[in-house]
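These notes are about the structure you will find just below.
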Amino acid sequence: QLDDLYLVALVHRRDIRSLRDLTAEHLPLLRNVLQEGKEAIAKRFGVPGSQLRIYLHYQPSYHHLHVHFTALGYDAPGSSVERAHLLADVIDNLAMDSTYYQQRALTFPLRADEPLFKKFQEAGKV
């Protein structure tokens, strides 16, 4: 069913754990994921790239770089602005500044029962 299309592309490189690890060195990889992902989805499902939301999470649910491809009309969990960073924007940001994601403050939601939230509490950051 294409209304709730949800696919994930896993990057083979294990040394890229999250958005924070990305630099301009990774631009060819990211551009390839974007282009090849859109082409594969158009070929297999008939959904053009213009009808896809393509993004990375920060904080990710698991620390191995992966990219989400969802139908625009599908309100997928974690696709909101608080967690999702559009891959096209990530590419543009890295093209402007190679260390963009090492320097930028990134906000993200946490549930009160998450271990990371507890660490922030212990550190007096919440």
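Structural remarks
- Of the solvent-accessible surface of the chain, computed with a 1.4 Å probe over protein heavy atoms with every protein chain present, carbon and sulfur atoms account for 52 percent.
- Formal net charge of residues neighbouring His85 (Cβ-Cβ distance under 14 Å; K, R +1; D, E -1): 0
- Taking the Cα centre of the chain as reference, the dipole from Cβ charges on Lys and Arg (+1) and Asp and Glu (-1) amounts to some 220 debye.
- Using a Förster distance of 35 Å, the FRET efficiency for Arg104-Asn32 (Cβ separation, nearest 0.05): 0.90
- Think of the chain as having a plus end and a minus end, set by charges on the Cβ of Lys, Arg, Asp and Glu; of Leu52, Ala112, His85, Ala112 sits farthest toward the positive end of this dipole.
- A crude spin-label estimate for the pair Ala123 and Lys43, with each label 7 Å from Cα along the Cβ direction, gives 4.4 nm.
- The structure shown yields log10 I(q)/I(0) by the Debye sum over Cα atoms at q = 0.23 Å⁻¹, and of the options (i) -1.21; (ii) -1.55; (iii) -1.41 that calculated value carries the label (iii).
- Among Tyr6, Val33, Ser61 - extreme Cα towards positive end, dipole of the chain, charges at beta-carbon: Ser61
- Residue-normalised accessible area of the chain, given per residue in Å² at a 1.4 Å probe: 62
The values are calculated or read from the model by the stated rules, or taken from the named source; none is laboratory data. These numbers were taken from a predicted model, which means no experiment stands behind them. No Cβ is skipped: glycine too gets one built from the backbone with ideal geometry, and neighbour counts run over all protein chains shown. The area values use the complete protein model at the heavy-atom level, side chains included, leaving out ligands, DNA and RNA. Shrake-Rupley method; radii C 1.70, N 1.55, O 1.52, S 1.80 Å.
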